[in-house]
Amino acid sequence: MKYPKLFEPANIGSMTLKNRIVLSPLHANFTVCDKYTDRFVKYYEERAKGGAGLIITAHIKAEKDIDPYPKTFGYPIFDSAAEIKYFTDLTETVHKYGTKIAIELSPGTGRIADEPLPDKRPVGPSEIPLLTMPDVKTRELTKDEIKQLVKSYGKAAGLAKAAGFDAIYVHFLAYLGDQFLSSCWNHRQDEYGGSLENRMRFLLECIESVRANVGDDFPLIVGIALDHGFAGGRELEETIEIAKRLEPLNIGALHLRRGSYDAMSLLIPTPYVKDGIAVDYAYEVKKAVNIPIIVDGKLPNAAYCEKLLEEGKTDFVGIARQFVTDPYWPRKAKAGQEEDILPCIRCVQCINRVFFSKSSACSVNPQFGREFEGPLPKTKEPKQVLVAGAGPAGMTVAKFLAERGHSVILAEKSGELGGHLIKAAVPAYKKETAAYLRWLKKQVEENPNVDIRLNTEVTPEFVSSVRPDAVVVCTGSAPYVPAVPGIDRSNVKLATNLLVNYKDEEVGDKIVIVGAGLVGCETALFLKEQGKKDITLVDMLPEVAQDVIYLARLSLLEKLQEEQINSRTGLKLKEIIPEGIIVENEKGETQTINADTVIIATGLISDNKLYESLKDEMEEIYAIGDCISPRKFIDAVQEAYAIAKII
């Protein structure tokens, strides 16, 4: 067996786990009317079947009367025995696979509230601004309301035990519990505020209430932030003191993460954040107390986790998004089949969608959230399908069509599979994207139903010669090149070409990148990796990275600042000259920005010529991905899966 430490049994209090792998909380917004449905149960079932030792559910609220928020994320509420049946379906399903399950139980929301109701002001430990609506402030909870929250919390824990949960996860990170713990949010003048002892009172009373309802031996896991990641927030030293004060309370484990919703890059790491972002901090806690810890935060693979366990840095590893992309990764790792694990590319689409009140979805695993549909059925009418273009859309649709039993010709006009994935995978910090590219190529190269034809441009004549039953056009997009004087000068390079054909001697020391979208920003970071120091992003829009999704953008902007990459916005490119570029501001005033090398990253344009030439000639033809319009990987992959299901 590979990774013996990772897969050895271990205890959290009286609960024995079959391995040290914990599925960390990740709310997918699959609930209906704030209840777990078959969609959510099947999602968790696949992760149990795939080898998780412990599943920690997503956020579940203990009550809704005092703190009914948030209203848009579909968090279930466990406040009566009538809810037991919904959760019992979940626990009984998970237990079939020898996996244990803990309920992430929250006492309230506080400043994370959304869309305030006209007759129900959000509440908090103190009057503090809401995270997303700072003009709206919470109402300070009364002591009677605090007592009621504590009572409701214990009652919910008792109901959870009755529903078959194996442990209670005391959720005191970011939400109301954390706000009571932290002086940056807790400004109370009574016994619940001021000193650390007072600020911990709500936590300790919640634990006491839980114990009164589940017993002294029932496992409890406490989830807290190692630090908040912003000036004035809680620092590691105080978290260590909190852990010390919890030690006498028979806590089964501490789940430790960095960050807050005010420092999302730490809480939900992106490609721009280092691996194991919380490991060293969590180890300081581990050295200070005799409580097992679960560490979380961009743990990249099984080998990395094994090393942490061998070195005694942690007792358990908490992982969420890798379970989104591949629920079977533990079984594959245990069998030494790491090359078959579909990696997480850290794009944070799965979480970003939930932030905007959508169901979660994955950029690389289109079957995430569709587990309840069952596996793709084999086709009853095998067809020959021509797929034109072998980028992420083309390879994905080819993979699923082949798995259904169709014969697929995957034609790519270049000499390499991958499309824009090839460029996206170049920077060292995009190693997960490079791993995804390798995985995707393996899926089509090893499938006997896929006939790969490189250096083959699909034309109407080629289609006539092949005579396929169906055509899927995945011809993608090409760089948009602005028609300005000097665009053909020797000091000008396309960002997409530079990434895959980088030669240091061809790039000067002073660089201007025209276009500060995702490609421009990531090219700037790549050039920093190569040792370039003087880099300026220029864009006609008022801000950089405006095409990047919300959660990733926050992290990307932090990284650009950390790397001291300059930016100048509101400037339109007018001309490229030997000394750099001439730009024009919104007032029509021109200026020169000096540069040795000018890199063009001004977006992409769809290549839909093939589809337009075939759409009236073919009875069954589809277009997916960037050839419709340039978008994200998630769009290409989700569209590919949808088409593969209907052919």
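The values are calculated or read from the model by the stated rules, or taken from the named source; none is laboratory data. Keep in mind the model is a prediction, meaning the values are calculated, not measured. All Cβ positions, even for glycine, are placed from backbone atoms using ideal geometry, and neighbour counts span all protein chains on display. Please note that ligands, DNA and RNA were not included when accessible areas were found on the heavy atoms of the full protein model with its side chains. Shrake-Rupley method; radii C 1.70, N 1.55, O 1.52, S 1.80 Å.
Please list, by residue number, everything in the stretch 201-224 whose backbone N is under 16 Å from a paramagnetic label point 7 Å out along Cα→Cβ of Ser14. From the stretch 201-224, the list is 210-221. The packing ranking, built from the mean of other Cβ atoms within 10 Å per residue, places the peptides 29-41, 600-612 in the order 600-612, 29-41, highest first. When a/c reaches 1.5 or more, the comparison of a/b and b/c decides; with that in mind, is the stretch 43-179 rounded, prolate or oblate per its Cα gyration tensor? Prolate shape, in that a/c is at least 1.5 and a/b is the bigger ratio.
Give, as a single signed number, the net charge of other residues whose beta carbon lies under 10 Å from the beta carbon of Asn449, with Lys and Arg counted +1 and Asp and Glu -1. Around Asn449, the surrounding residues sum to 0.
Of the residues Leu386, Thr16, Thr325, the one whose Cα sits farthest towards the positive end of the charge dipole of the chain is Thr16 (charges of +1 on Lys and Arg Cβ, -1 on Asp and Glu Cβ, taken about the Cα centre). Structural descriptor for the chain: relative contact order 12 percent, calculated from alpha carbon pairs under 8 angstrom and at least 6 residues apart.
Counting other Cβ atoms within 10 Å of each Cβ, which GluC sites (Glu not before Pro) in the stretch 389-498 have at most 11 and sit in a DSSP loop?
Those that pass, being in a loop and sparsely packed, are Glu446.
Shown here: Rg and Dmax of the Cα atoms in Å, derived from the displayed model; of the candidates [x] 26.6, 82; [y] 29.9, 103; [z] 24.7, 88, it corresponds to [x]. Within straight-line reach of Lys378, meaning a Cα separation under 18 Å, sit the following lysines at least 8 residues removed in sequence or on another chain: Lys399, Lys645.
Only DSSP H runs of four or more residues enter the estimate; each adds -39500 (n - 2.57), and after division by the residues of the chain the mean residue ellipticity at 222 nm equals -9500 deg cm²/dmol.
Relative contact order for the stretch 582-631: 29 percent, from Cα pairs under 8 Å spaced at least 6 residues apart, divided by residue count.
Between Lys413 and Tyr480, the distance separating the two model label sites (each 7 Å from Cα on the Cα→Cβ line) works out to 2.0 nm. One decimal place: the segment Glu461-Lys442 gains 3.9 nm when fully extended, by the rule 0.36 nm per residue minus the C-alpha distance.
Checking every one of the trypsin sites (Lys or Arg not before Pro) in the stretch 468-575 against DSSP loop status and a limit of 15 other Cβ atoms within 10 Å picks out Arg489, Lys503, Lys533.
Using the Cα centre of the chain as the reference point, and only Cβ charges (+1 on K/R, -1 on D/E), how large is the resulting charge dipole? Debye, rounded to the nearest 20.
Computed about the Cα centre, the dipole is about 1140 debye.
Across the stretch 1-64, the mean sequence separation of Cα contacts (distance under 8 Å, 6 or more residues apart), normalised by length, yields a relative contact order of 34 percent.
Note on Lys332: accessible area approximately 50 square angstrom, rounded to 10, probe 1.4 Å, nucleic acids and ligands left out.
Gap in Å between the Cα centre of the stretch 538-559 and the Cα centre of the stretch 314-372? Between the Cα centre of the stretch 314-372 and that of the stretch 538-559, the gap is 25 Å. Taking Cα centre as origin and charging only the Cβ of basic (Lys, Arg, +1) and acidic (Asp, Glu, -1) residues, the dipole magnitude of the stretch 346-497 rounds to 480 debye.
Computed from Cα atoms, the angle from the helix 84-95 axis to the main principal axis of the chain rounds to 70 degrees. Across the stretch 179-193, computed HN-Hα scalar couplings (Karplus, 6.51 cos²θ - 1.76 cosθ + 1.60, θ = phi - 60°) run 5, 5, 5, 10, 5, 5, 10, 9, 10, 5, 10, 10, 6, 9, x Hz from first to last residue, x flagging Gly and Pro. For the stretch 548-565, 3J(HN,Hα) computed residue by residue from phi via the Karplus equation (6.51, -1.76, 1.60; θ = phi - 60°) reads 9, 4, 3, 5, 5, 5, 4, 5, 5, 4, 4, 5, 4, 5, 4, 8, 6, 8 Hz, glycine and proline entered as x.
Please determine, in degrees from 0 to 90 and to the nearest 10, the orientation of helix 431-445 with respect to the longest principal axis defined by the Cα atoms of the chain, where the helix direction is its Cα long axis. Helix 431-445 sits at roughly 60 degrees to that axis.
Axis of helix 201-214 versus longest Cα principal axis of the chain: the two differ by about 80°, to the nearest ten degrees. The trypsin sites (Lys or Arg not before Pro) of the stretch 384-413 that DSSP puts in a loop, and whose beta carbon has at most 16 other beta carbons within 10 Å, are Lys413. When nucleic acids and ligands are ignored and a 1.4 Å probe is applied, Met540 ends up with an accessible area of around 130 Å². Hey, for a label at Val500 modelled as a point 7 Å past Cα toward Cβ, could you say which residues of the stretch 435-468 have their backbone N under 19 Å away? It comes to 435-445, 452-459, nothing else. In this rough spin-label picture, where each label sits 7 Å from Cα along the Cβ direction, the Gln367-Lys85 distance is 3.2 nm. For the residue pairs Lys49/Lys161; Lys413/Lys615; Lys5/Lys287; Lys503/Lys533; Lys137/Lys632; Lys2/Lys100, the C-alpha atoms sit more than 28 angstrom apart in Lys137/Lys632. Apolar share of the accessible surface for the chain: 48 percent from carbon plus sulfur atoms, 1.4 Å probe. If you take the Cα centroid of the stretch 562-598 and the Cα centroid of the stretch 40-55, the two points sit 52 Å apart.
Taking square-rooted eigenvalues a ≥ b ≥ c of the alpha carbon gyration tensor, is the stretch 354-439 rounded, prolate or oblate, where a/c under 1.5 means rounded and, failing that, a/b exceeding b/c means prolate?
Judged from the Cα gyration tensor, the stretch 354-439 comes out oblate (a/c at least 1.5, b/c at or above a/b).
Thr592 contributes about 70 Å² of solvent-accessible surface, heavy atoms of the protein only, 1.4 Å probe.
About its Cα centre, the stretch 1-148 has a charge dipole of approximately 720 debye under the convention of +1 per Lys or Arg Cβ and -1 per Asp or Glu Cβ, with nothing else charged. For the pair Asn585 and Tyr550 in one chain, pulling the backbone fully straight at 0.36 nm per residue adds 9.9 nm over the alpha carbon distance. Using the Cβ-Cβ distance between Asn250 and Lys533 with R0 set to 45 Å, the FRET efficiency from 1/(1 + (r/R0)^6) comes to roughly 0.25. Put a dot 7 Å past the Cα of Leu196, heading toward its Cβ, do the same for Asp144, and the two dots end up 3.4 nm apart. If you take all other residues with their beta carbon under 12 Å from the beta carbon of Phe40, and give Lys and Arg +1 and Asp and Glu -1, the sum is -2. Which shape class, rounded, prolate or oblate, goes with the stretch 354-498 when its Cα gyration tensor gives a ≥ b ≥ c as root eigenvalues, a/c under 1.5 marks rounded, and past that a/b bigger than b/c marks prolate? It is oblate, given that a/c is not under 1.5 and a/b is not larger than b/c.
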